[in-house]
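J.: What follows is a structure written as structure tokens; I'll ask about it next.
Readers should treat all values here as calculations from the given coordinates under stated rules, not as data from a laboratory. None of these values were measured; they are calculated from a predicted model. Here the Cβ is made from the backbone with ideal geometry for all residues, glycine too, and neighbour counts use every protein chain on show.
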Amino acid sequence: MGDPLLTFAINVARDAGGILVDKLGRALQVSNKGAIDLVTEAVLASEKLIIERIRSHYPRHSILAEESGASENSSGNTTSEWKWIIDPLDGTTNYAHGYPCFCVSIGLERAGKLELGVVYDPLRNEMFAAERGQGATLNERRIRVSAVAELNQAMLCTGFPYNVRERPDFARDFSNFTMKAQAVRRDGSAALDLAYVACGRFDGFWEDGLNPWDLAAGVLLIEEAGGKVSDFAGAPLDIYSPRVLATNGLVHQSMIAVIRG
Ligand code: IPD
Ligand code: CA
């Protein structure tokens, strides 16, 4: 994988992750209310670094970022075929509590197709990276999805969306998967959850309520690691719609059957 765009994304994610770790230490030293303010400060600083780097290296590219939303490129054109999709801190609630599970996620689309993705966990120094057609890696070593084919041997993961009370199916699905899988986890960082499916730590992941910045990089990681992503009915995934089923491919149909009820 030698694409300079990928090298660029890896370097930016590493530097943004460094900001998060630096500010995490300080956030933990202060009281709850102060810590929340420092979390906001950390998110904004991480996003600022990423956006400034993109603007200086690729001024014609568009950007979609969690905090600042869609932004124009420097020529005022929002319709560039290249679009960076950024989550400067995925796992914000974890971060606010010092729970060590959060990451930086950076994806790049060209004409609506994901071309590269990077998910970086700065506490474990784990850099997940993928480039379309070139496979996926963890710290430069090739990764693949797991070979688990039976749901009762599968370790699954999900996320609880912020508006969980408006998504009542969530509790039913969670309960059904808990009864049928070997284990279900909820780690609180969707981008990292997807990266863990890509490298075989999880066999499947589902969530209703995600945004493109949670998904872009992780989805490409899974596809390039031999896995499968879809909506809850098995139709091709649109990262701009909220329901995602992401698996090693082998447990995909069984998971659709559970969600169908
Ligand atoms: C959230 C996390 C969480 C998922 C939520 C996301 P944030 O992103 O990815 O795991 O369950 O749906 O909104 O707010 O921490 O960037
Ligand atoms: Ca997020």
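J.: Could you tell me how many of the residues in the range 144-158 are away from ligand 2 (no atom under 15 Å from the Cβ) and under 24 Å from Gly91 (Cβ atoms)? Quick ask: steps written out before the conclusion?
T.: Of the range 144-158, the ones away from ligand 2 (no atom under 15 Å from the Cβ) are 144-156.
Now restrict to residues that are under 24 Å from Gly91 (Cβ atoms): 145-146, 154-156.
Summing the residues that are away from ligand 2 (no atom under 15 Å from the Cβ) and under 24 Å from Gly91 (Cβ atoms) in the range 144-158 gives 5.
J.: For the range 182-220, which positions are away from ligand 1 (no atom under 15 Å from the Cβ) and either surrounded by 24 or more Cβ atoms within 10 Å (Cβ to Cβ) or assigned to a loop (DSSP other than H, G, I, E, B) (or both)? Write out each step before concluding.
T.: The initial filter retains those residues of the range 182-220 that are away from ligand 1 (no atom under 15 Å from the Cβ), namely 182-183, 198-201, 203-204, 220.
Within the range 182-220, Gln182, Ala198, Cys199, Gly200, Arg201, Asp203, Gly204, Leu220 meet the criteria.
J.: Where residues in the range 118-159 are free of Cβ contacts under 8 Å to residues at least 60 places away in the same chain and touching a helix residue (DSSP H, G or I) at 6+ places or on another chain (Cβ under 7 Å), which of them is surrounded by the fewest Cβ atoms within 10 Å (Cβ to Cβ)?
T.: The qualifying residue surrounded by the fewest Cβ atoms within 10 Å (Cβ to Cβ) is Asn152.
Here is a yes/no grid of residues against (1) of a type in the set (Gly, Ala, Ser); (2) more than 16 Å from ligand 2 (Cβ to nearest atom):
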site	(1), (2)
Phe160	no, no
Glu166	no, yes
Asp173	no, yes
Ala190	yes, no
Gly200	yes, yes
Leu210	no, no
Leu215	no, no
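J.: Could you tell me whether any residue of the range 225-240 is among the small types (Gly, Ala, Ser) and within 16 Å of ligand 2 (Cβ to nearest atom)? Lay out the reasoning, then the answer.
T.: Residues of the range 225-240 among the small types (Gly, Ala, Ser): 225-227, 230, 233-235.
Still in the list and also within 16 Å of ligand 2 (Cβ to nearest atom): none.
So far as the range 225-240 goes, no, none of its residues is among the small types (Gly, Ala, Ser) and within 16 Å of ligand 2 (Cβ to nearest atom).
J.: Ok, one more. Tell me whether the range 223-238 contains one or more residues that are within 15 Å of ligand 1 (Cβ to nearest atom) and either without any contact (Cβ under 8 Å) to a residue 24 or more places away in the chain or under 27 Å from Tyr95 (Cβ atoms) (or both).
T.: no
J.: Among the hydrophobic types (A, V, I, L, M, F, W, C) and assigned to a strand (DSSP E or B): does that describe Ala130?
T.: On the way: among the hydrophobic types (A, V, I, L, M, F, W, C): yes; assigned to a strand (DSSP E or B): yes.
Judged against the criteria, Ala130 is a match.
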